[in-house]
Amino acid sequence: MTHTLLRPLLLVASLFLAACETQTTLQAPSEALAGFKLGHAVVLAEKAVQAPISRNATPEEWTTAMNTAVAERFGRLNGDQVYHLGIHIDGFAVAPPGIPLVVSPKSVLIFSVTLFANDSGGRKLNEKPKQITVFEGLSGETVLGSGLTRTKAEQMQNLAFNGAKAIEDWILENPHFLNPSLPVPVEEKPVQGGRG
């Protein structure tokens with residue numbers, strides 16, 4: 001997606017509320033991931049597009065937030081099949097403080113992910129990077145805008161947490177990644193993550 005198209009998408013997405021509840025702890029991993037083990041996760045954020053209405057966030061801050069969330073989620077898995085993740089932060093809006101009920105933008109993160117096999121060729125398991133959009137999530141303290149109640153670091157942590165969860169959901173929705181004998185789905189379902 002070009003930067004020209006991504007900016008208006010980020011602006012519109014940041015103004016809408018994600019209809020999901022916020023959780024603060026990881027759920028037990030699915031048994032379908034019992035054989036999964038994360039080798040390396042490479043996060044790139046240098047070309048991320050910042051929405052017009054957003055707190056400033058550096059590539060280094062996004063790299064740290066996403067690496068932490070991915071390690072936390074996938075570090076629980078200790079299977080015998082090693083996989084690697086390539087993650088590119090495409091765009092974001094980290095909601096600034098706004099006027100409650102008038103201008104209260106929401107936080108959103110858009111990123112692309114590729115899953116790699118741990119073989120000599122570093123084979124891509126998805127032909128094209130999967131683009132995923134996640135929101136910060138709805139709770140009593142964010143209904144008026146998380147920019148009023150959370151620090152930038154907390155907002156980024158929540159977005160990264162939801163991003164890592166969305167990656168896990170995407171892998172579960174595509175079991176052929178982990179078991180090549182299974183058929184490849186005709187179409188992938190769109191992934192929109194919430195905390196869980």
Check: Among the numbered criteria (1) assigned to a helix (DSSP H, G or I); (2) crowded, with 16+ Cβ neighbours inside 10 Å; (3) touching a residue at least 60 places away in the same chain (Cβ under 8 Å), which single criterion is violated by N67?
Finding: (3)
Notebook entry, point to check: Quick check: anything in the stretch 33-46 assigned to a strand (DSSP E or B), at pLDDT 80 or above and β-branched (V, I, T)?
Noted result: yes
Check: What is the number of the single condition among (1) touching a strand residue (DSSP E or B) at 6+ places or on another chain (Cβ under 6 Å); (2) modelled with pLDDT of 95 or more; (3) not small (G, A, S) that N118 does not meet?
Finding: (2)
Margin query: Just to be sure before I move on: is E72 under 25 Å from S54 (Cβ atoms), of a type in the set (D, E, K, R) and modelled with pLDDT of 95 or more in the structure I sent?
Written below: yes
Check: For the stretch 54-85, which residues satisfy the criterion of being of a type in the set (V, I, T) and either touching a Gly at 6+ places or on another chain (Cβ under 8 Å) or over 17 Å from K152 (Cα atoms) (or both)?
Finding: V70, V82
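Among the residues of the stretch 121-149 satisfying the criterion of being part of a loop (DSSP other than H, G, I, E, B), over 23 Å from H84 (Cα atoms) and out of contact with any Ser or Thr (no Cβ under 7 Å at 6 or more places or on another chain), which is modelled with the highest pLDDT? Can you show your working first?
Applying the first criterion (part of a loop (DSSP other than H, G, I, E, B)) to the stretch 121-149 yields 121-123, 125-129, 136-137, 139-145.
Imposing the further condition that a residue be over 23 Å from H84 (Cα atoms) reduces the set to 136-137, 139-145.
If we keep only those that are out of contact with any Ser or Thr (no Cβ under 7 Å at 6 or more places or on another chain) as well, we get 140, 143.
On the way: G140: 40, V143: 44.
Among residues in the stretch 121-149 that are part of a loop (DSSP other than H, G, I, E, B), over 23 Å from H84 (Cα atoms) and out of contact with any Ser or Thr (no Cβ under 7 Å at 6 or more places or on another chain), the one modelled with the highest pLDDT is V143.
The values are calculated or read from the model by the stated rules, or taken from the named source; none is laboratory data. Just so you know, these numbers come straight off a predicted model, no measurement behind them. Here Cβ is always computed from backbone atoms with ideal geometry, including for glycine, and neighbour counts include all displayed protein chains.
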